[in-house]
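Asker: Here's a structure for you.
The values are calculated or read from the model by the stated rules, or taken from the named source; none is laboratory data. It should be emphasised that the depicted structure is a prediction, and the values quoted were computed from it without experimental measurement. Note that each Cβ is placed from the backbone with ideal geometry, even for glycine, and that neighbours are counted across all protein chains shown. Accessible surface areas use protein heavy atoms only, side chains included; no ligands, DNA or RNA. Shrake-Rupley method; radii C 1.70, N 1.55, O 1.52, S 1.80 Å.
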Amino acid sequence: MMDIKQIIREIAFELGFDAVGISSANSLEDSHSHFLEWREAGYAADMKYLLRENPINARPKQLLPEASSIITLLVNYYTPVTDDPGSDYGRVAAYAAGKDYHKILKKKIKLFQEMLEKNIQRKYLSKGFSDAVPLLEKSFARSSGLGFVGKHTLLINKTYGSYFFICELITDIELEPDSEQSGTCGRCTRCKNVCPTGALDNEYVLNAGLCISYLTIENKGIIPVELREKIGNWIFGCDLCQIICPYNNKIKQTNWKEFMPEEGAGHWLSLKKILSIRTDDEFHELFCHTPLTRSGRKGMIRNAAIVAGNRLSQEALPELEWLVKNENDPVIKEHVLWALSKYRNSVAVL
Ligand code: B12
Ligand code: SF4
Ligand code: SF4
């Protein structure tokens, strides 16, 4: 009879997962202490799910007490980015260009659970997630032999670089853990040097409150004035530390059609189009199948105003002028006023 690990691999590849690894479900105590230090330093900003008491992050048995092993699955989401269409557009991070991965991967993980049960012909316990619980997914993926953690704090796999999602299945099935993958950043510091906000100033530690990904997606309020210019053209998320990383030089495009840019919002968004969305319903209709829902209409308009101010978009200007007169939300209004001041200052300089 085929061994269970072999069955797991075959199911994973049949379902389109790009890599699979196995680790024990024991707590990762080193990572746990590191996580506590990280959030005590204030680096979790105001992300409430990371600030809970009695954190589960390194302790999978808090999610499934019978857990014995973790099956980690990687999903390559990389698609090449088309050239910058110019100052009327804002850039979407690559992971968010296609359909909403939460929904797609949840269904795939369920299928994986069902196929595994059918193939091993016995009931077993399992819970599957992807970016849905505050488990330290990178740390468990690392201990399952799927890569090493780079100085930008993302997991790097020698075949897929860092442009992949991590999914995991915590299970009571006892499985032999895979051995860890070697790999190192060596003396490279490119990601730290390219990061515009200094979020990676301490290598291997991300100060989330400074990260453009946090600022444009997780932060629901005011973006500090001193960081706005540094956001540049990023309207949702940021990939600068991944773009510069040599491990991402020769990676393959995803085979998952769901993550192709034409299936979702794409890599570039018209600032005018975003700034002219008048209601939450309208926003939902345009983006409900994509990860962009996370920031909501208010967050996206705020981000679009910043990018318009940074790029001095001519198409966006009438929309900003409309918003300053008609929009009631104080967060949107404050960012629109900031953007308009950038246009005025640029005229004064000329
Ligand atoms: C919160 C969060 C964020 C926050 C904070 C990111 C961060 N680096 O912590 C923000 C909003 C900024 C963010 C941004 C992004 N995110 Co995010 N995010 C998460 C989430 C939900 C939790 C991460 C977390 O717990 N962070 C807390 C810190 C302390 O933990 P950690 O970095 O995971 O673990 C580190 C330490 O514990 C350390 N460590 C462990 N043991 C030890 C021991 C010692 C001694 C030391 C020194 C260190 C150490 O190593 C780990 C890696 O650095 C995960 C999903 C999940 N549940 O894990 C996705 C996740 C990390 N994000 C992901 C992605 C894709 C992104 C973005 C690329 C999206 C984008 N393009 O905008 C950016 C990348 C920014 C960056 N450089 O990290 C992917 C990463 C895949 C990968 N290849 O690694 C994940 C895994 C989601 C998923 N399931 O696919 N994210
Ligand atoms: S995602 Fe952007 S802002 Fe965040 S650490 Fe990387 S380069 Fe810096
Ligand atoms: S850019 Fe260099 S330092 Fe940063 S993660 Fe990649 S290899 Fe490591």
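Asker: Sum up the charges of everything whose Cβ sits under 11 Å from the Cβ of residue 295, counting Lys and Arg as +1 and Asp and Glu as -1, but leave residue 295 out.
Answerer: Combined, the nearby Lys, Arg, Asp and Glu give +4.
Asker: Expressed as an acute angle from 0 to 90° and rounded to the nearest 10, what is the orientation of the C-alpha long axis of helix 317-326 relative to the principal long axis of the chain?
Answerer: It works out to around 90 degrees.
Asker: Within the range 190-349, what whole-number % of the accessible surface is contributed by carbon and sulfur, with the 1.4 Å probe and all protein chains included in the calculation?
Answerer: Summing carbon and sulfur atoms, their accessible area is 52 percent of the total for the range 190-349.
Asker: What 222 nm value per residue comes from the helices of the chain, counting each DSSP H run with n ≥ 4 as -39,500 (n - 2.57) and dividing by all residues, nearest 500 deg cm²/dmol?
Answerer: That comes out to -10500 deg cm²/dmol.
Asker: Could you tell me which of rounded, prolate or oblate describes the range 190-349, using a ≥ b ≥ c as the square roots of the eigenvalues of the alpha-carbon gyration tensor, with rounded for a/c under 1.5 and, failing that, prolate when a/b is larger than b/c and oblate otherwise?
Answerer: oblate
Asker: By how many degrees, 0 to 90 and rounded to 10, does the Cα axis of helix 29-40 deviate from the longest principal axis of the chain?
Answerer: Roughly 20 degrees between the two axes.
Asker: Kindly report, to the nearest 10 Å², the accessible surface of residue 276 as traced by a 1.4 Å probe over protein heavy atoms only.
Answerer: That residue has around 40 Å² of solvent-accessible surface.
Asker: Kindly express, to the nearest 10 degrees and within the range 0 to 90, the angle between helix 101-120's C-alpha long axis and the longest C-alpha principal axis of the chain.
Answerer: In the chain, helix 101-120 runs at an angle near 10 degrees to the longest axis.
Asker: With only Lys, Arg, Asp and Glu charged, each at its Cβ (+1 for the first two, -1 for the last two), find how big the charge dipole of the chain is about the Cα centre; round to the nearest 20 debye.
Answerer: The dipole magnitude comes to about 340 debye.
Asker: Can you pull out the trypsin sites (Lys or Arg not before Pro) in the range 177-232 that DSSP calls coil and that have at most 15 other Cβ atoms within 10 Å?
Answerer: Passing both the DSSP loop test and the Cβ count: 187, 220.
Asker: Which chymotrypsin sites (Phe, Trp or Tyr not before Pro) does the range 204-255 hold that lie in a coil by DSSP with at most 14 other beta carbons within 10 Å?
Answerer: Passing sites in the range 204-255 are 204.
Asker: Okay, moving on. With every protein chain left in place, what is the accessible area per residue of the range 190-349 in square angstrom, probe 1.4 Å?
Answerer: So the range 190-349 comes to 46 Å² accessible per residue, rounded to a whole number.
Asker: Taking a ≥ b ≥ c as the square roots of the Cα gyration tensor eigenvalues, with a/c under 1.5 meaning rounded and otherwise prolate when a/b beats b/c, else oblate, which class fits the range 37-168?
Answerer: oblate
Asker: Here's another thing I want to ask about it. So if we plug the beta-carbon distance of residue 46 and residue 255 into 1/(1 + (r/R0)^6) with R0 = 25 Å, what FRET efficiency do we get, rounded to 0.05?
Answerer: Approximately 0.10, to the nearest 0.05.
Asker: Given R₀ = 30 Å, FRET efficiency for residue 15-residue 174 by Cβ-Cβ distance, to 0.05?
Answerer: 0.85
Asker: For the range 40-133, run through the GluC sites (Glu not before Pro) and keep only the ones in DSSP coil with at most 13 other Cβ atoms within 10 Å of their Cβ.
Answerer: Sparse-neighbourhood loop GluC sites (Glu not before Pro): 53, 66.
Asker: Under 8 Å for C-alpha pairs, at least 6 residues apart: give me the relative contact order for the chain, rounded to a whole percent.
Answerer: 23
Asker: Additional query: Give the cross-link partners of residue 127 among the lysines, using a straight C-alpha distance below 17 Å as the criterion and excluding same-chain residues fewer than 8 apart.
Answerer: Residue 127 reaches 61, 103, 106, 107, 108, 110, 118.
Asker: Cα gyration tensor of the range 20-113, axes a ≥ b ≥ c as square roots of the eigenvalues: rounded (a/c below 1.5), prolate (a/b > b/c) or oblate?
Answerer: Taking the square roots of the gyration eigenvalues as a ≥ b ≥ c, the range 20-113 is oblate.
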